[in-house]
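Before any comments, here is the structure.
Derivation of every value follows stated rules applied to the coordinates shown; laboratory data play no part. Model, not experiment: these values are computed from the prediction. Here the Cβ positions follow ideal geometry from the backbone for every residue, glycine too, while neighbour counts run over all protein chains shown.
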Amino acid sequence: MISHIYIGVRDFDLALKFYSAVLPEVGWKHRFTDTSRPWAGWQPLDRDRPLLLIGSPFNGEPASPGNGQMVALLAPTREHVDRFFAQAIAQGGVDDGSPGIRSEYHPNYYGAYVRDLDGNKICVCCHEPE
């Protein structure tokens, strides 16, 4: 089980708006925001962990996405994947793989890939049959 994932962002206010809009589409609720640090966190609707956190890097250096790094969030249905993707694009995210079956993973893998406003790669996927 994963405890938490921290995503570094350059513009906290823009990132907060982006993640506040897209995460509810896959069943994540806001847990906290602390603008003095700044950082914010979300959790699944039905449990306390894992947390998805955004914020400025602790070392004070500018945030930058890692090549080959990706956060993948589990969606309960394919419709949730579609809604997350649409909301991410509407919020200024970049299409890095439209929603669809990825049979190279397994026959029921339905996923979508976006880059957030800082270029971080986010996947949302559902493993259930339609």
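Remark: spin-label model distance residue 46-residue 34 equals 3.0 nm, labels positioned 7 Å along the Cα→Cβ axis.
What FRET efficiency would be calculated for the residue pair residue 106, residue 20, taking the C-beta separation as r and a Förster radius of 30 Å, to the nearest 0.05? Efficiency, from the Cβ-Cβ distance: 0.40.
Assuming charge only on the beta carbon of Lys and Arg (+1) and of Asp and Glu (-1), the dipole of the chain about its Cα centre is about 240 debye to the nearest 20. For the chain, the fraction of C-alpha pairs farther apart than 18 angstrom is 52 percent.
Work out the FRET efficiency for residue 59 and residue 2 from their Cβ-Cβ distance, taking R0 = 25 Å, and round it to the nearest 0.05. The formula returns an efficiency of 0.65 here. Which one, 92, 9, 103, is farthest towards the positive end of the dipole of the chain when Lys and Arg carry +1 and Asp and Glu -1 on their Cβ? After comparing all options, I get 9. Which value in deg cm²/dmol, rounded to the nearest 500, describes the helix-derived mean residue ellipticity at 222 nm for the chain, given -39,500 (n - 2.57) per DSSP H run of n ≥ 4 and division by the residue count? So the helix-based figure for the chain works out to -5500 deg cm²/dmol. Amide H contacts of residue 39: 34, each under 5 Å away and 5 or more positions distant or on a separate chain (H built 1.01 Å from N in the peptide plane; Pro and chain starts excluded).
Helix 78-90 and the longest principal axis of the C-alpha atoms of the chain enclose an angle of approximately 40°.
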